[in-house]
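Student: One structure is given below, represented as structure tokens, and several questions about it will come after.
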């Protein structure tokens with residue numbers, strides 16, 4: 001029997017866009033008072049250092065960090081559905097282009113990503 005996953009928030013509430021590496025942007029979800037509970041995770045130095053390493057992988061593949069995160073979810077054999085969200089049309093367009101990068105996520109690239117995120121696997 002196989003159990004498939006439906007991923008929710010593949011961008012980790014925006015952390016995996018890289019926009020919190022330099023603080024909390026005024027137009028971000030982290031700046032919304034009712035979302036304050038997310039701030040510790042979004043601004044965590046260790047997590048943002050990991051985001052920087054993932055950003056390097058994305059750059060090598062020719063995609064954005066968000067596209068890498070979504071493509072990684074879609075490439076994962078245990079994931080059947082990836083649910084994304086967006087607040088702007090440009091984000092929807094960027095998210096959809098993640099499908100172009102799924103074939104670039106070879107087993108070697110997937111292993112590299114897994115090694116980068118392993119310290120946060122708790």
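Student: Restricting to the stretch 48-70, count the residues that are part of a helix (DSSP H, G or I) and under 15 Å from residue 10 (Cβ atoms).
Tutor: Residues in the stretch 48-70 being part of a helix (DSSP H, G or I) and under 15 Å from residue 10 (Cβ atoms): 9 in total.
Student: Go through the stretch 92-104 and give me each residue that's without any contact (Cβ under 8 Å) to a residue 40 or more places away in the chain and under 11 Å from residue 67 (Cβ atoms).
Tutor: Those that are without any contact (Cβ under 8 Å) to a residue 40 or more places away in the chain and under 11 Å from residue 67 (Cβ atoms): 93, 94, 95, 96, 97, 98, 99, 100, 102.
Student: So the check is Cβ under 9 Å with 6+ separation or different chains; which pairs have a first residue in the stretch 1-29 that's closer than 20 Å to residue 85 by Cβ and a second one that's exposed (fewer than 11 other Cβ atoms within 10 Å of the Cβ) and at pLDDT 85 or above?
Tutor: 5/78; 6/83; 7/83; 8/83; 9/83; 10/83
Student: In the stretch 25-47, how many residues are assigned to a loop (DSSP other than H, G, I, E, B) and surrounded by fewer than 14 Cβ atoms within 10 Å (Cβ to Cβ)?
Tutor: 4
Student: A further question follows. Can you say whether residue 74 is assigned to a helix (DSSP H, G or I), modelled with pLDDT under 95 and buried (at least 16 other Cβ atoms within 10 Å of the Cβ), as far as the supplied structure shows?
Tutor: Criteria met by residue 74.
Student: Could you go through the stretch 14-24 and let me know if any residue there is surrounded by 13 or more Cβ atoms within 10 Å (Cβ to Cβ), at pLDDT below 85, out of contact with any strand residue (DSSP E or B) (no Cβ under 8 Å at 6 or more places or on another chain) and part of a helix (DSSP H, G or I).
Tutor: The answer is yes; a qualifying residue exists.
Student: What residue, among those in the stretch 82-122 that are modelled with pLDDT of 95 or more and in a loop (DSSP other than H, G, I, E, B), is surrounded by the most Cβ atoms within 10 Å (Cβ to Cβ)?
Tutor: Step by step, filter the stretch 82-122, then rank; the result is 105.
The values are calculated or read from the model by the stated rules, or taken from the named source; none is laboratory data. The structure presented is a predicted model; accordingly, all values stated were derived computationally and were not measured. Reconstructed Cβ throughout: ideal geometry from the backbone, glycine too, with neighbour counts over all protein chains shown.
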